[in-house]
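Have a look at the structure below, then the notes.
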Amino acid sequence: MSRDAIDYRGALEAVERILNRGGDAEDVLRRVLEALGGRGISFARLRLAGSDGLDAGLTVGEQREAVAVPLVYEGLEVGSLELATDDRALAERVAMLISHEVGRLGNHGDPIRLPHERSDGSS
């Protein structure tokens, strides 16, 4: 996780360009992870809350030590982003940038309307 080998500025710029181009949410998220890999982040994974099948398709690189940050959409944690970097601020920034795309997953491009949980755990 060498800080010198990662192009932080280039990684954020690439993520923003991909998000601006848009497209199918899963394709956009896959391109984001690939762009991070191309900028020196040797491992990136998107895990979705309650979904075992999709996270395997949204992994770049071989698993190694990574910073994990929550993915929050409409105030709810919908998953996590793991990046092989020691720069938590970068991981948090990327997670914030991609959160809307995560919210579009599985809903044909329209934002998912997640049920809001009450403090007692009920919907």
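Each reported figure results from applying straightforward, stated rules to the coordinates on display, with no laboratory input. Note that the coordinates shown come from a computational prediction; the quantities given were computed from them, not determined experimentally. Every residue, glycine among them, receives a Cβ derived from its backbone with ideal geometry; neighbour counts consider all protein chains shown.
What distance in nm separates the two pseudo spin-label positions at R88 and R17, each 7 Å out from Cα along the beta-carbon direction?
Computed distance between label sites R88 and R17 equals 3.1 nm.
Long-range amide H contacts for G79: which residues qualify at under 5 Å (H placed 1.01 Å from N, peptide plane, sequence gap of 5 or more or a different chain)?
Under 5 Å from the amide H of G79: A49, L71.
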